[in-house]
Amino acid sequence: MTRDQAGLEAALRDAERRLQSAVRSGDADVLEQLLDDRVVYTGPDGRSLTKAEDLEGHRTRSLIVEAFDQEDLQVKVVGTTGITHVLATLQGVAAGRPFAARLRYTRTWVHAEGGWRVLAAHASAVLAPGS
């Protein structure tokens, strides 16, 4: 691994940590910086959200993530494209209803203008063993 690639991987790990922290705190301003304007997020229910829709949920607090506990993080960088695979347990309130879920996220990041931004994200529910 080259020094440049190691630096990009470290920066991507940091960007993922900042994203998770911003989701936990509902910090739409940080999310605004970390999400590419073209981002599409596909949730575990199969619905897709744009950047504006995602940010609106955080700004209006119709989505409140009280816990985002990362269990595993894997990072891959190829050129200026990065992938993060995250396994996490979340708790919070969505549209006034409490939720708890164990999710696996796959995020595709692009490195541009000196920083990492999410271009695509997908979350899938992780079923309990034996389910």
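The values are calculated or read from the model by the stated rules, or taken from the named source; none is laboratory data. Only a predicted model underlies this, so the values are computations on that prediction, with no experimental measurement involved. Using ideal geometry, Cβ is built from the backbone for each residue, glycine included, and neighbour counts are taken over all protein chains shown. Keep in mind that these areas ignore ligands, DNA and RNA; they rest on the heavy atoms of the full protein, side chains included. Shrake-Rupley method; radii C 1.70, N 1.55, O 1.52, S 1.80 Å.
Consider F99 carefully, then state whether it is closer than 25 Å to A10 by Cα and among the aromatic types (F, W, Y). Here the answer is no, as F99 does not meet what is asked. Whether any residue in the stretch 98-113 is loosely packed, with under 14 Cβ neighbours inside 10 Å, of a type outside the set (D, E, K, R) and under 30 Å from D4 (Cβ atoms) is what I want to check. Scanning the stretch 98-113 turns up at least one residue that is loosely packed, with under 14 Cβ neighbours inside 10 Å, of a type outside the set (D, E, K, R) and under 30 Å from D4 (Cβ atoms).
Among the listed residues T81, T89, T106, which satisfies the condition of being modelled with pLDDT of 95 or more, among the polar types (S, T, N, Q) and more than 24 Å from R38 (Cβ to Cβ)? Give the steps one after another, and end with the answer.
Details: T81 fails: more than 24 Å from R38 (Cβ to Cβ); T106 fails: more than 24 Å from R38 (Cβ to Cβ).
Only one candidate qualifies: T89.
Regarding A15, is this residue among the hydrophobic types (A, V, I, L, M, F, W, C), open to solvent by less than 30 Å² (accessible area, probe 1.4 Å) and under 26 Å from V126 (Cβ atoms)? Answer is yes for this residue.
Residues considered: A28, A101, A94, A22. Of these, the only one that is in contact with a helix residue (DSSP H, G or I) (Cβ under 7 Å, 6 or more places away or on another chain), closer than 30 Å to A128 by Cβ and small (G, A, S) is A22.
What pairs come out if I take residues in the stretch 104-121 that are farther than 15 Å from L87 by Cα and among the basic types (K, R) and pair them with residues that are open to solvent by 40 Å² or more (accessible area, probe 1.4 Å) and part of a strand (DSSP E or B) whose C-beta lies under 9 Å away, six or more apart or interchain? As it stands, the answer is R117/D37; R117/H111, since those pairs meet every condition given. Give just the number: which of (1) closer than 30 Å to D4 by Cα; (2) in contact with a Leu (Cβ under 9 Å, 6 or more places away or on another chain); (3) outside any strand (DSSP E or B) does G57 not satisfy? Failed condition: (1).
If you go through the stretch 37-55 one residue at a time, do you hit one that is touching a Gly at 6+ places or on another chain (Cβ under 6 Å), open to solvent by 20 Å² or more (accessible area, probe 1.4 Å) and among the hydrophobic types (A, V, I, L, M, F, W, C)?
Scanning the stretch 37-55 turns up no residue that is touching a Gly at 6+ places or on another chain (Cβ under 6 Å), open to solvent by 20 Å² or more (accessible area, probe 1.4 Å) and among the hydrophobic types (A, V, I, L, M, F, W, C).
Summed over the stretch 77-97, the residues that are in contact with a Ser or Thr (Cβ under 8 Å, 6 or more places away or on another chain), open to solvent by 20 Å² or more (accessible area, probe 1.4 Å) and either in contact (Cβ under 8 Å) with a residue 40 or more places away in the chain or of a type in the set (S, T, Y) (or both) give a count of 1. Exactly one residue among E16, E66 is touching a Leu at 6+ places or on another chain (Cβ under 9 Å) and within 14 Å of G92 (Cβ to Cβ), and that residue is E66.
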